Each structure stands twice: as structure tokens, then as C-alpha cells.
Amino acid sequence: MKVLLVEDNPAFAELVREVLLEVPGETFEITSAGDLSSASALLAAEEIGAVLLDLGLPDSQGIETVRTVRAAYPGVPIVVLTGLDDEETGLRALHEGAQDYLTKDSLAGPSLARSIRYALERSGVRKELIRKNAELEAAYGVLAAHEEELRRSVSELSRAEGRLRESAHLLMKAQEIAHLGSWEYTPANNRVVWSDEVYRILSLPLHEPAVDYGEFLELVHADDRCAVDAAYRGSLEEAGSGYEVEFRVVRESDGEVRHVHERCEHFRDETGAVLRSVGMIHDITERRRAAEALEEYAGILKGSNEDLERFAYVCSHDLQEPLRSVVSFSQLLERRYRGKLDADADEYIGFIVEGGNRMQALIRDLLEFSRVTTRGTTIRPTDSGATLVEVLRDMQTAIGETGASVECGPLPMVMADPTRLGQVFANLIGNAIKYRRTGVPPEIEVSAYRVGPMVEFAVQDNGIGIEEEYFGRIFDMFRRLHTHDQYEGTGIGLALVRKIVEQHGGRVRVESEPGVGSTFRFTMKPV
């Protein structure tokens, strides 16, 4: 064992060396230092087993010497050598961390060796205690961490349980509001479990034991019972994942018949056998009643519309002949007697002719609108470009008189009635020419693009434009934004456009800015 003797008296240091070397059965390797700084250097450089420490050194005195060594090298056992037979000093040394103390006057080999050995043992015990304490502290830290984690887990579990209870409550309320109940059926024990809403749908007391499958079938309307049973058993035999069926149930409480929609999903084991079936029952009674009422109203409305369209057609057709006579004779009066009667008479005759012409135009448009509705359409692959060329050929006079220009890009084949598509082009281009700005020749551009599953046509002009507030109303029948003195028209053209486009499964809309122009867009199905 290597022992460091810290002693400033060389003679005493040699004495200690000799005493230790003479101890039988012990082997000490003794290193000496004459002051505390030299001792510190040796302790830092070498593996020292124990320190024999004099308290009266040139650079350190008394108990402070023990404190210094102990603070710098807490793991090295210290045996204090003091020249005073002073028990108090020894106890203070022990209190500061020394393992033992001896007086120089009573120094003997065996006692010194024993003191060193005991110091080493006590130091070892102390180190073991420190190690064990560190392990205990570490274990306590781990335990504390686990305890905190457990506390957090318990708290989170408590919150999760709260959320689960809240979710269950919300689910029950949602099922009640939506009239949507859930159920679970276990074939092994023929047991059915219902949610509260199923009880309410069937008008059965809540929380009573659910009926078995056979008893449930008894609640199904007799005319639907076989279909429900076939749907369930068929899904079992065909190894399907489930089934979906609509049927009626008869409430035991009041005999009321309710319409329900049921959907089921099976959960199977590895052999394909059904372990359990989970499903939902949705009370669709009100929806069915509303649908039936809507269907009834739709039928009534359809009949009314057909009657109205027939009436409009008959009126338009029957009014044409007497109106033609009125207009013809008014024009004859105007030609023969203009200037021969007074000024008022000339003006009145002019009013009659103008009003008659306007009425003829209105009846023609109304009759055409009625024909579109009553005669239907013949939809087939149609070259929209060729259709537009024919329309422009018929409109050459109006185009030439107004100095209008019509630009047209490539137009595709679409599924349309060529005549009806031509009417759409004619109305939109005619409006672009009619509603032009004063002194500005109309510039019209016709284009088409693929937009999703449809072809969108665009007819763009540089006319007077339309206020945004009228975008949704200009397609209504007889809707006019200007007086007859400003612009002629019947208010039927755009209504006819919408009717034709919707008959083809498309939509029509407008984009416009007053004083800049308008773009009318409508869609058709491509070939």
C-alpha cells in the first residue's frame, strides 16, 4: 500500500518510515512531503492509499490542514499526527473528515499500522455508503420520475375518461337528433345490444333487455320481413362484408309504421365465420314523407306547367291571326291617309302600328319559348362551328348595318340540338349587336374551352354592360333593363337561352362591367 507522509520534520519522518517498515505482515510504500503544496502535487499525480498528516506544516496549520486535503481529495483516508495530547483537536479532526488521529509521543508501529488499516476500512465503508447513497438517490429519482409519470398518466387517464364520457353523451345526443341508432348482434349467443335511439325508434322502454333476432323480425312490417331476413342471411352465406336495406317497422306501443334504413357490417374470424355484426338504423320516416310530398307537388307543378305552356301556345297561335289583321289594316291606314288627317291622327295610327309590331314580336318569341318546352330537343353530335357559321349568315344584314365584327376561334363538336344551339348563338350575338355603345361598332368574340366534363362557350362583346345586381335576373321571363324607346326587345330572349341550355344539361351565366362589355358563358356536353 502506498502511504503519503506529510511531515516537515525529516527526523520524525524517517522514524515513521522505520516504524512502519518493521510492522510484521504489512507492506507499506512510503512517500514523504514536507509541506502541503508538495503533498497536493503528489496526491494529484499518484495513487495514494492513505495520508499521514501533520497539523503543523510550514504552509498550513491546525485543523485547516485537514479541511484543505479533505476538500481537494475527499476519497483519500487521513490519519492525523499531532504533537499535542489533545483529544479535542483529534475529535475536531475526525469531525472535519479524518479517519483517525495519533499523537507523535505515543507512536508505535502496530498502532500506526492498525490506524492506517482502520482508516482504509472506514474510508472503504464510507465510499460504499456514498455509492449506496448515490444509488438510492438515483433510484429515488427514477422512482420520483415514475411517480410523476404515473401521476400524469392517471391524470391523463382521468381526463380521457372524462372526454370519453362526454363523447359518449354527445354521440347519444347526436343519434337522438339524427334519429340514428346503433346495434350489435352476436350470433354465438343470439344476443342483440341496442343504443338508446333504437329503443326510441321502435318505441320500446329504454334499458330493457334487447330482443333476440327472431323477436326483432317480429317488429318488422310483415310485407318487409322476408326481404330483411334475406338481406341478413344472404350476406352471411355469400361471405359478404355486410348488407344495406330499407324497410318498415311497426311500433308495438301505438301501431305506427316507421320507415328505417339499416346498414350492417360483419366481423369474421380466420375461418370466415361471423363473430359479430355491427349496424345502424336510421329513422327516415320524415324524409320519406317529405320526398313523397315533394314528388306529389312536383307532379302537380309539372301538370300546371304543361297546362300553362299549352295555354301560352294556344294563345300565341290564336292571337296571331287577328293581330295580323290589326297590323295590316293599321299599316294600310298609315300609307293611305298619312298627311290627309290631322297630326294627332297620324300619331295615333303610328302608335297602333308600332304597338302591333311589338305585340307580333312578343307573340313570336312567346310561341318559340313554348315550342322549346313542348316539342323537346333532338340531341346528337353537332358541329358548333358550322352552326355558328349558319347563324352569322342569317345575321349578315344586322352585322353590316351596325359595322359589327364577329371573331370566332375553333369550336368543338358537342351533344346538342343544332337548331336550339343556333337559337342560343343568335340571341346572344343579337343582344351584343343591339346593346352597343353609341358611336362604338360592336366587337364580338365567340370561343369555347373544355372546363371539367363540359365545354364552356363564351360570347364576349364591348357593349353597354350590365350592373352586377341584375346578373341573376336578366334570365327571367319578360325581364327588361331598358325601355322600348332605348332598346327594342320582348324580354324573352335570355329566358329562352337559359331554357335551351338547361335542357341540354348545361348552365348559363354572365360576367359584365358597365361601359366595358359583357361575356355570356354557357356549357354543353362534349361528344
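The values are calculated or read from the model by the stated rules, or taken from the named source; none is laboratory data. It should be emphasised that the depicted structure is a prediction, and the values quoted were computed from it without experimental measurement. Don't worry about glycine lacking a Cβ; one is built from the backbone with ideal geometry, like all the others, and counts go over all protein chains shown.
Observations on the structure shown:
- Positions within the range 46-74 being in contact with a helix residue (DSSP H, G or I) (Cβ under 8 Å, 6 or more places away or on another chain) and of a type in the set (A, V, I, L, M, F, W, C), in sequence order: ILE48, ALA50, VAL51, LEU52, LEU53, LEU55, LEU57, ILE63, VAL66, VAL69, ALA72
- Taking the range 163-186 as the range and being at pLDDT 85 or above and farther than 21 Å from THR285 by Cα as the test, the residues that pass are GLU184, TYR185, THR186.
- Exclusive hit being in a helix (DSSP H, G or I) and either out of contact with any Leu (no Cβ under 8 Å at 6 or more places or on another chain) or surrounded by 14 or more Cβ atoms within 10 Å (Cβ to Cβ) (or both), set VAL406, VAL424, VAL455, VAL440: VAL424
- Residue satisfying all of: in the range 33-54; more than 17 Å from ALA113 (Cβ to Cβ) and of a type outside the set (A, V, I, L, M, F, W, C); surrounded by the fewest Cβ atoms within 10 Å (Cβ to Cβ) among these: GLU47
- Scanning the range 340-362 for residues that are modelled with pLDDT of 75 or more and either assigned to a helix (DSSP H, G or I) or under 60 Å from the mean Cα position of the chain (by Cα) (or both) yields a total of 10.
- Where a residue in the range 199-211 is closer than 19 Å to VAL260 by Cα and touching a residue at least 40 places away in the same chain (Cβ under 8 Å) and its partner, wherever it lies, is of a type in the set (Gly, Ala, Ser) and in a loop (DSSP other than H, G, I, E, B), with Cβ under 9 Å and at least six apart: LEU202/SER253; SER203/SER253; LEU204/ALA210; LEU204/SER253
- Filter pass, ALA273 being small (Gly, Ala, Ser), surrounded by 11 or more Cβ atoms within 10 Å (Cβ to Cβ) and not assigned by TED's automatic domain parsing to the domain that holds LEU204: no
- If you go through the range 4-30 and pick out every residue that is within 20 Å of ARG117 (Cβ to Cβ), without any contact (Cβ under 8 Å) to a residue 40 or more places away in the chain and surrounded by 15 or more Cβ atoms within 10 Å (Cβ to Cβ), you end up with 2.
- Considering the conditions (1) over 14 Å from SER277 (Cα atoms); (2) without any contact (Cβ under 8 Å) to a residue 12 or more places away in the chain, VAL220 is excluded by exactly one of them, (2).
- Scanning the range 71-81 for residues that are in contact (Cβ under 8 Å) with a residue 12 or more places away in the chain and either of a type in the set (S, T, N, Q) or surrounded by fewer than 18 Cβ atoms within 10 Å (Cβ to Cβ) (or both) gives ALA72, TYR73, PRO74, GLY75.
- All positions within the range 204-224 that are surrounded by 13 or more Cβ atoms within 10 Å (Cβ to Cβ) and either part of a loop (DSSP other than H, G, I, E, B) or in contact with a Phe, Trp or Tyr (Cβ under 8 Å, 6 or more places away or on another chain) (or both): LEU204, ALA210, VAL211, ASP212, TYR213, VAL220, HIS221, ASP224
- For beta carbons closer than 7 Å, sequence separation of 6+ or different chains, a first residue in the range 507-527 that is in the same structural domain as PRO442 (by TED's automatic domain parsing) and a second that is among the acidic types (Asp, Glu) and not in a strand (DSSP E or B), the qualifying pairs are PRO514/GLU467; GLY517/ASP461; SER518/ASP461.
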